[in-house]
Structures are given as structure tokens and as C-alpha cells.
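Working notes for the structure below.
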Amino acid sequence: APERFKITPAQESLQESTSKKKCVSKMDLAPFDIDTSPPSPELLEFSRKDLRETPQVREAAILELRKLLHNATDLHYRDDDDFLMIFLRPCHFYAESALKMMRRIAEFKKNNYPLMHNLSPEDEKISFIDHGIVNVLTNKDHKGRRVLLINCGKAWDPKAVSPEKMFRMFFLVHLVAQMEQSTQINGVVIIMDFDGLSLKQVKALSPSFSKLLLTFIQEAVPLRMKEVHIIKQPFVFNMVWQLFKPFIGEKLKTRLEFHGQDMKKLHKYLDPNFLPKNFGGNLPMLNYGSRDWYPCIEKYTDHISKWNTYGFASGP
């Protein structure tokens, strides 16, 4: 296999289980849902190597984070094991780093209170059902990572779905993704598709929105953001890039790739056997979107409602 597609034995085992699942009927697969089952032994082995996760490290980190959280009287979060793992895994089981992330999330929520207040799937239902802006591949990539698609080009009508509504859709998707333990371990990949981008969309992507989106991605997402791919961007994208650039930190710079129309370049990072034809891959063209994923978002309304209450103890 080419160097870029070399995978660990744990990831190889994941691929085998993925191909076995392809034999299962669509009904059994429930493609538009997340897998909340515990990690397989292979996945835990990968997490041990990549995130330091062992039963001993896990138990000690949970106890330490719980203690830190109890002492941080200005913060209000749940403290059960499963919930704390959402923050510990992306922080490689360093409890103090996890607490800092919880504090950054509280800060982000406070600073964007009108946008974040009482988020609910029901309020964003029309955006999900009628507009194909946000999508998630039903399959994982060759490294077992979730692939999130954001259509920022001609597929997006800013008059119908404001940038703020688009952000809320993205936010709801991330809240559901964080409940999937395999995604906590393997992380996520974002593909931003700018096909057909025009001044209509560029005008909607204001400096304040650019700052909001990039602050969120870099500071307030309790997920391992492994790669961000910008594809099919036309020349006018340079105007968008000038807005984004000031808010992009060093870490994100190393994970951000620009491909234009060159899908072969994208394939250096994402194996085409796990991509649809839309991105030069070997899987069928996408025939699903956020409409199909909406019931999954709605299913986890309780988790989303509880998340609305977390943050600083004295309000937002």
C-alpha cells in the first residue's frame, strides 16, 4: 500500500469489520445513526497507542477530572464516567487539559449566548430537511474516522439558511458525533466543498462569522479534528480565504489542505475506496443528505437539551 495509506493492525481490523457489515441488509445497518456501542478490543489497542488509554490511565484520569471539576465551582457539567470521556479522549487523558477544554467551551457559549441559547433540533428542522448544506458520510474513512461534509458553494442559499443557522446545524451534528466512542478515538475529517461559490455566499461569510466558526473548531470542539479539506474552490474563494486567514492557528494550519478540482490530491489523504464518486471516489454518488440524518439528530434531543445547561454555573 502507498505510504499514506499504511494503517495499524487495529485499523485493519476495523476495515475488515466494515466490509463484513456491507453484507448486512440496509435495515440492520441503520446507516443514518451513530454507533454508541463500546470500543472493540482492536480500537482500544489503537487508543492505547495513540491516546495513552489503558484501564489504569482511564480510571485515574476520570477520578482526577471529577475532582478538578468539583473544585471548579464556577463550572457546571455532568461528572459521570461516559460524559468525562468525551473530554478526556481528545486530551490524551490529561485531566487538566480536559478541564481547560471544558472551560473554553463554557467561554465560547457565554461569548455567543444569543446564538447558542437553547439549541434544539426542532428549531433547525427546516434547514436539515430542505437544504443540503451539512452531510455526513454513512461510512467511515480508511482510518475509521467520521467524514463531515459542508457545502459552502452553490448548494447553500444564505437567504434561506443564514450563516448562523448553518453554524447551528454544524453544532448539532458535533454534539451527536461526540457520543460515538469510535469517533472519540479515531477523530473526524471535514470536507468543505466550495463548488459553484459566488459573491452571494462570499457576502454571507462575514469576518465575524469566520471568527465564530474558526474559534469554535479550534477551541470549543471536544473531538479530534484530524484533517480539514477545502475542495472545488473557484478563484473567488481567495476573498473567503482572506477572511479566514487571520483566525487560523498553527495547529489547524498543519491540518488544512487545499485541493481545488484535483481529487487525486485529496486521495493522498483519503482513500478513494471510502469516498463517493462526488469526490473522485469508488463508492456510488451521494444520494442522501441532512434530510436523512435529521432523525438521528432528533433522536439525541435529550443529550442536546442537557448540553444547553452546561458551561458556567452562573448562567450561559
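The values are calculated or read from the model by the stated rules, or taken from the named source; none is laboratory data. Everything quoted here is computed from the prediction, not taken from an experiment. So basically every Cβ, Gly included, is an ideal-geometry build from the backbone, and we count neighbours across all protein chains shown.
Assorted remarks:
- Within the range 124-146, not a single residue is among the aliphatic types (A, V, I, L, M), more than 20 Å from residue 308 (Cβ to Cβ) and not assigned by TED's automatic domain parsing to the domain that holds residue 267.
- Test: residue in the range 129-151 that is surrounded by fewer than 18 Cβ atoms within 10 Å (Cβ to Cβ) and under 21 Å from residue 88 (Cα atoms): no
- Selection within the range 217-239 - assigned to a helix (DSSP H, G or I), surrounded by fewer than 19 Cβ atoms within 10 Å (Cβ to Cβ) and among the hydrophobic types (A, V, I, L, M, F, W, C): 239
- Verdict on residue 276 being surrounded by 13 or more Cβ atoms within 10 Å (Cβ to Cβ) and at pLDDT below 95: no
- Summed over the range 130-155, residues that are in contact with a Gly (Cβ under 9 Å, 6 or more places away or on another chain), farther than 19 Å from residue 274 by Cβ and in a loop (DSSP other than H, G, I, E, B) total 6.
- Residues being out of contact with any helix residue (DSSP H, G or I) (no Cβ under 9 Å at 6 or more places or on another chain), surrounded by 14 or more Cβ atoms within 10 Å (Cβ to Cβ) and hydroxyl-bearing (Ser, Thr, Tyr) - total across the range 284-312: 1
- When every residue of the range 245-268 is checked against the conditions, at least one turns out to be part of a loop (DSSP other than H, G, I, E, B), touching a residue at least 60 places away in the same chain (Cβ under 8 Å) and outside the structural domain of residue 86 (by TED's automatic domain parsing).
- In the range 51-70, the count of residues that are within 21 Å of the chain's Cα centre (by Cα) and of a type in the set (A, V, I, L, M) is one or more.
- Residues that are in a loop (DSSP other than H, G, I, E, B) and either touching a residue at least 12 places away in the same chain (Cβ under 8 Å) or not assigned by TED's automatic domain parsing to the domain that holds residue 132 (or both), drawn from the range 282-296: 286, 288, 289
- Just so you know, in the range 206-232 the residues that are within 19 Å of residue 259 (Cβ to Cβ) and touching a residue at least 40 places away in the same chain (Cβ under 8 Å) include one that is farthest from the chain's Cα centre (by Cα), and it is 232.
- Filter result (more than 11 Å from the chain's Cα centre (by Cα) and in a helix (DSSP H, G or I)) within the range 157-185: 163, 164, 165, 166, 167, 168, 169, 181, 182, 185
- Selection of first residues in the range 32-52 that are within 18 Å of residue 81 (Cβ to Cβ) and not assigned by TED's automatic domain parsing to the domain that holds residue 226 and of second residues that are buried (at least 18 other Cβ atoms within 10 Å of the Cβ) and of a type in the set (Gly, Ala, Ser), restricted to Cβ pairs under 8 Å at least 6 apart or on distinct chains, gives the following pairs, ordered by first then second residue: 39/47; 39/182; 43/10; 43/144; 43/182.
- Matching residues, the range 112-125, being in contact (Cβ under 8 Å) with a residue 24 or more places away in the chain, of a type outside the set (D, E, K, R) and assigned to a helix (DSSP H, G or I): 113, 115, 116
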